[in-house]
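Colleague: Please see the structure below; I have some questions.
Where a number appears in this text, it was derived from the coordinates with a stated rule and is not lab data. Remember, it's a predicted structure, so these values are computed and weren't measured experimentally. Here the Cβ positions follow ideal geometry from the backbone for every residue, glycine too, while neighbour counts run over all protein chains shown.
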Amino acid sequence: MFSYYVKLAMISLKRTPLLSFLMVMLIAMGIGATMTTYTVNYMMSQDPKPSKSDNLYSVQIDSRGDGVDYSYLDTIPPEMTYQDAMNILKSDIPKYQAVISAIRTTVKNPAKYDTAVTREVRTTSADFFPMLEVPFLYGRGWDETADSNAEQVVVLTKQANMRFFDGENSIGQSLQLGEDLYQVVGVLDDWLIVPKFYGQNNAMYSQPFDIFMPFSTQVSKEIFTTSLINISCWKPAEDESTAAFLASECTWIKIWAELENDEKKQQFQLFLDNYAQQQQAQGRFANRILNKLVSVKQYLSEEKIVPEDSKIAVWLAALFLIVCLLNCMGLMMAKFHGKAGEAGLRRAVGASRQHLIAQFSVELAVVGFIGGVFGLLLAQLGLVAMTNLYSHLHSSLMQMNALIVIATLALAVVISCVFGLIPILKASRVQLSSQLKSL
Amino acid sequence: MKDLAPIIKALFKEKLVPFLLILQISVTFMVMVNAANMISEREKLMSRPTGVDEENAFYVLTNLQGPSEKFVANLSHDLASLRAIEGVQVVSPLNGVPLGLWGNYVSVYRNLDDEYPIDNAGYYGSDEHIVENLGLNLIAGENLALSDTTVSMTGNHNISSSILITKAFAELVSPDDWRQAVGQTIYTTNTPQRIKGIVEAMQGAWPRWYGVNGSIIYPVIEVDNTIRYFVRAEPGQLENVMEEVNKVLLNTPGRVIEKMQTMEEVRLRAYKDDNASSKLLISVCVGLLFATSLGIYGQARFSVNRRKRQIGTRRALGASKGQVMRFFMLENAVVSLTGLVIGFIAALSLSEQFAQHFGLTPVPLPYLLSGMAALFVLGQLSVSYPALQASRVEPAIATRSA
């Protein structure tokens, strides 16, 4: 029966080409606009690491001293001081724990005749790679001994390996950062994490940095790039030396930790609170004791990562879809009005009202489906346009996944039937006698 | 006008179709007016002056060759060679650029032991040429002098100096009369700073920051392994000067030029999101208007086709072409006005919601009124062709059997 109705629907569409075309185009326009904006919003607000994002926490402690007024007292910066970071890293409660910072430096393959280029380098600790399950093409991340000895090792992304080593297995080769040589210990496979929650807020929708190196090496080499981190000091450092900066109350290091369950989380929270009390006994942390473990999801929403514009755009596009559908509904009325004769005839030869409703629903579902397909095409065009408009964001944000494609088609079919409900019911309520007379 | 009663009667009899059209018009109106408001808000935001002579200015971000004892000497060498380039008006080191998206801010206190700051202000560190370099407008007090300038090897902003502040910040320092701020001493990072002059405007680094218009300029050159030179070229010389600056800088061995950006590019980048969403909003509006006028046209055509016999009968009974046309125009006017009145209320409540959740300003009345007028005209235009067709129906059709 279903295939028969589909066949009838096709015949009916062909009989009123202009009307059908308008209906399909209206649905396609509405769906296209909605899905374009929705895709961007969805991709922006997606879970960066679904397998374990609930267990990943930003470790935040309030190290600010007495007399420091912050009108937003409940929030503490996600960065901490060097001394606190080093002390907290000693805890073995978290399964993995990584410091996050960044530097910018000149990079060059010393074996090649090539000019140096400037690159941003992620400085972190060994746990970063297993914690985020970063895929490796060659070699692997450095280990904890490299961290504690401040070894001069680097991990490259696939792109960086392509740039500096022409994509060959570069494990064991040297790379020059600034004036020093670093040994390549690992090369990543294609790796993208969206949003890139662990770094700077303004770079969450960009590629991971090209090069990774141990944070301890950054400190021992005394390389600092203030423009890549948030530094805030409630008290200036004693003097201008690096040692004074490291001992200062300036917060600039992020820590992310993986805590597998609530028990671990409570343990770690207790550890932090004890630590803060210790520090208070030593005359620091005069303000108060406030330590937080903020999950990835909460972190992203607190830091307002998804721009509000993008949410508003989804709402406006949804309203646009409704206007298109209302419009379409009017056209459906017109269409079914012209089909009263056919409906009457079918009723006369024995079709029940339910049959008619089924037939008309299939017809609208077919219209909706075709509209959905065209809508998908329009949405692809829309996404290309968005990629150009938002060229500073990562282009993977502007791509639909299979789920969204299926959801789009389903949405198109369902809404056409929902908005067609009244016209269908009206058309199926045809009076037999009046229609048969005129035939 | 005597057609009005039968039109309303007919609309009530139809119910669904006119109701759909009314709903459609009201939603269109609601979205359009709010979108237009959002676009104009953005325009206002983007048109605030940075205070900089944007047309002729650019900056270059580069490195100073180490070791650190040589930074200052290298800086002086760079500045001297850049200033010697033909077409360069002024060059200064500058720690950040207005709207550059990266910068510093400081909390400013009236007295040393105050609990609450006056407010936060954008922080700029440069030398005594800064006013001339950026093309700032000094409106009170004195300009910085060579003797004011100091050099700092770290970003610790605890050097006492004579500073310039923007008018917006002077109004916070001295709320009664901003001119009185000149000569006052304020405290940043526990260090006294004397206000030497006031410039009209110099925006901070972040366009969306509440304190973007309040900035402080310190005559403190921060020396680091990276340095930013801000260059103002003679009018019309920008491209040549940029090329020349690039060449001159690269004469130093070990030089890496990280970035070179004109102020116009900085502005474009800073407002990229805003520009993009304005364009998105405009396309939604265009789509909406298109869909709505299509709807009005389609409905009118449909109803003309259905009422052909009625129209013929009216014509046969003596109605003129104009009367028939007027009938359809009036019908559309009734539907449009109803939709617009509902849309007016809906637009106000949506604007209320936006104001609450997203902090947008409510839609002003002139927008609502001109939006209504525009949609009304659009409706009349859309209906005019089907109405014209209706007026061309032959009276003879009434005599034919259906």
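Colleague: Could you tell me the center-to-center distance, by alpha carbons, between segment A:96-172 and segment B:303-322 in angstrom?
Modeller: Using only Cα atoms to place each centre, the spacing works out to 81 Å.
Colleague: Treating the beta-carbon of each Lys and Arg as +1 and of each Asp and Glu as -1, no other charges, what is the dipole magnitude of segment A:65-175 about its Cα centre, to the nearest 20 debye?
Modeller: Its charge dipole is roughly 640 debye.
Colleague: Follow-up. Which order results if A:SER170, B:SER391, A:SER220 are arranged by neighbouring Cβ count within 10 Å, fewest first?
Modeller: With the sparsest Cβ surroundings first, the list reads A:SER220, B:SER391, A:SER170.
Colleague: Could you please rank A:TRP252, B:TRP102, placing first whichever residue has the fewest other Cβ atoms within 10 Å of its Cβ?
Modeller: By the 10 Å Cβ count, ascending, the order reads B:TRP102, A:TRP252.
Colleague: Let me ask another. Have a look at the DSSP beta bridges in the protein assembly as shown and tell me what percent are antiparallel, nearest 5.
Modeller: Looking only at bridges with both residues in the protein assembly as shown, the antiparallel portion is about 75 percent.
Colleague: Under 25 Å Cα to Cα from B:LYS247, which lysines show up? Leave out anything in the same chain fewer than 8 places away.
Modeller: A:LYS108, A:LYS112, B:LYS70, B:LYS259
Colleague: Can you tell which of A:THR81, A:THR106, A:THR36 shows the greatest fluctuation in a Gaussian network model of chain A with Cα springs below 10 Å?
Modeller: Greatest mean-square fluctuation among the candidates belongs to A:THR106.
Colleague: Continuing with the same structure: Would you order A:MET398, B:MET260, A:MET29, A:MET10 from fewest to most other beta-carbon atoms within 10 Å of each residue's own beta-carbon?
Modeller: Placing the least packed residue first, the sequence is A:MET10, B:MET260, A:MET398, A:MET29.
Colleague: Can I ask one more? Quick test of your reading: applying the under-4.7 Å Cβ rule, which cysteines of the protein assembly as shown are isolated?
Modeller: Those would be A:CYS324, A:CYS328, A:CYS417, B:CYS285, since no other cysteine Cβ in the protein assembly as shown comes under 4.7 Å of theirs.
Colleague: Among B:GLY318, B:GLY96, B:GLY204, determine the one that fluctuates most according to a GNM of chain B built with springs between C-alpha atoms less than 10 Å apart.
Modeller: B:GLY318
Colleague: Please compute the volume of the convex hull spanned by the alpha-carbon atoms of segment A:290-439 and report it per residue in Å³.
Modeller: So the per-residue Cα hull volume is 158 Å³.
Colleague: Follow-up. Mind listing which trypsin sites (Lys or Arg not before Pro) in segment B:6-43 are in a DSSP loop and have 12 or fewer other Cβ atoms within 10 Å?
Modeller: Filter output for segment B:6-43: B:LYS15.
Colleague: Could you tell me how far the Cα centroid of segment A:216-242 sits from the Cα centroid of segment B:87-106, in Å?
Modeller: Result: 21 Å between the Cα centres.
Colleague: Ok, one more. Where in segment A:137-230 are there GluC sites (Glu not before Pro) that are in a DSSP coil and have at most 13 other Cβ atoms within 10 angstrom of their Cβ?
Modeller: A:GLU168, A:GLU179, A:GLU222
Colleague: So, one more: What are the principal axis extents of the Cα atoms in segment A:53-302, in Å, biggest first?
Modeller: Here the Cα extents, ordered largest to smallest, are 56, 43, 32 Å.
Colleague: Something else about it: Using label points projected 7 Å from each Cα along Cα→Cβ, tell me how many nm separate A:SER206 and A:PHE136, to one decimal.
Modeller: 2.7
Colleague: Would you tally the net charge around B:ILE282, using a Cβ to Cβ cut-off of less than 12 Å, leaving B:ILE282 out, and scoring K and R as +1, D and E as -1?
Modeller: +1
Colleague: Counting only other residues whose beta carbon sits under 14 Å from that of A:GLN354, what net charge do I get with K and R as +1, D and E as -1?
Modeller: +4
Colleague: Which of the DSSP-defined H helices in chain A satisfy a minimum axial length of 15 Å, computed from C-alpha atoms, and a minimum mean Kyte-Doolittle hydropathy of 1.0?
Modeller: Those that pass (Cα extent of 15 Å or more, hydropathy at least 1.0) are A:17-44, A:308-337, A:353-389, A:402-428.
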